[in-house]
Amino acid sequence: MSAIIIDGVAMAKQVLAEQKARADKLAQQARPPGLAVVLVGDDQASAVYVRSKERACRDAGVRTFDTRLPATTTEAELLQKVDALNRDPQVHGILVQLPLPAHINAVTVLQRIALAKDVDGFTWRSLGALLDGHPNLAPCTPSGSMLMLERSGVPIAGRHAVVIGRSSIVGKPAALMLLERNATVTICHSRTTDLAAMTRQADILICAIGRSRMVTADMIKPGAAVVDVGINRSADGKLCGDVDFDAVRERAGWITPVPGGVGPMTVAMVIANVITAAERTIG
Ligand code: GUN
């Protein structure tokens with residue numbers, strides 16, 4: 001069997017077109033949605049991510065407010081900037097790109113973002129709302145992954161979903177979202193004793209590990225849906241995911257590629273969150 005490849009580029013394009021319609025409606029009501037992107041320092045990968053988010057904003061009719069700050073910016077200066085964006089009525093979403101320079105406490109900065117503008121869904125209050133089944137704005141990588149499953153017709157309710165990874169921005173929220181859709185959920189991590197024994201039970205497998213091609217075909221239940229959240233560089237310098245794509249696609253029922261899978265969907269979900277935040281200001 002060869003898996004259905006879930007095309008994140010095509011699906012993100014469709015999601016962005018849907019967002020454009022929502023954004024246009026807001027613009028007609030003199031309330032064009034706006035995203036503030038804050039980038040501190042000169043991390044190359046962050047600059048690439050930020051550019052792709054800003055390009056997607058343009059395509060979807062979302063205004064962007066750029067803040068580029070030097071690596072020497074103090075935590076107090078950055079907090080002041082966040083406070084100013086919290087007060088700015090033209091800004092509906094605030095995204096502080098991670099990682100921040102080591103001398104800045106990222107937790108302190110992220111918690112300062114107003115709940116209504118937390119389009120990354122990283123604040124404790126947003127995560128708490130998700131835990132209690134009343135999402136504010138959901139974290140974008142797991143919500144993009146969920147949409148890929150849903151729009152591909154992958155059955156979720158009653159199925160066994162295994163999530164590898166327990167970060168607060170992917171693994172844990174992904175597990176909560178699957179639970180909310182009535183999957184039976186197992187969370188695995190670096191200290192799981194027999195990972196393959198767990199993954200072989202998975203009807204849905206979410207891989208958020210950060211290690212090149214670690215998930216191999218023998219770890220996959222035939223016909224499973226495999227979502228690869230990893231973005232890694234392999235030894236030969238190529239971009240690759242956590243999943244050994246070429247082998248796993250012969251065993252899985254559905255699979256997301258890297259690149260061109262979850263990444264573009266994450267960007268599309270940021271835009272969707274900005275527009276949702278803007279719509280809420282109209283009520
Ligand atoms: N750095 C890498 N991914 C992300 C993300 O989704 N949001 C933010 N703010 N920073 C990131």
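Things to note:
- Normalised alpha carbon radius of gyration of region 128-205 [divisor 2.2 N^0.38 Å]: 1.05
- Spacing of the two label points (7 Å from each Cα toward its C-beta) at residue 72 and residue 193, in nm: 5.5 nm
- Across all directions, the average flat footprint of the convex hull enclosing the Cα atoms of the chain is 14.7 nm².
- Rolling a 1.4 angstrom probe over the chain with all protein chains present gives an accessible area of which 54% lies on carbon and sulfur atoms.
- Temperature 4 °C, viscosity 1.567 mPa s: under these conditions the Stokes-Einstein estimate for region 21-177, based on its Kirkwood radius over C-alpha pairs, is 76 µm² per second.
- Between residue 179 and residue 115, the FRET efficiency from the beta-carbon distance, with R0 = 25 Å, is close to 0.65.
- Label-reachable residues, region 253-283, where backbone N falls under 18 Å from a point 7 Å from residue 18's Cα toward its Cβ: 261-280
- Packing rank of 84-93, 101-110, where each peptide gets the mean count of other beta carbons within 10 Å, highest leading: 84-93, 101-110
- The residue 107 and residue 250 beta-carbon pair, evaluated with R₀ = 41 Å, returns a calculated FRET efficiency of approximately 0.45.
- Of every Cα-Cα pair in region 145-283, the percent that sits beyond 25 Å: 24 percent
- Across region 1-99, counting alpha-carbon atoms alone, Rg and Dmax equal 16.3, 56 Å.
- Each Lys and Arg Cβ is given +1 and each Asp and Glu Cβ -1; about its Cα centre, the chain then shows a dipole of about 320 debye.
The values are calculated or read from the model by the stated rules, or taken from the named source; none is laboratory data. Being a predicted model, the structure only gives us computed values, none of them experimental. Cβ sites come from the backbone with ideal geometry, for glycine too, and all protein chains shown count toward neighbours. Surface areas here come from the heavy atoms of the whole protein model, side chains and all, with no ligands, DNA or RNA. Shrake-Rupley method; radii C 1.70, N 1.55, O 1.52, S 1.80 Å.
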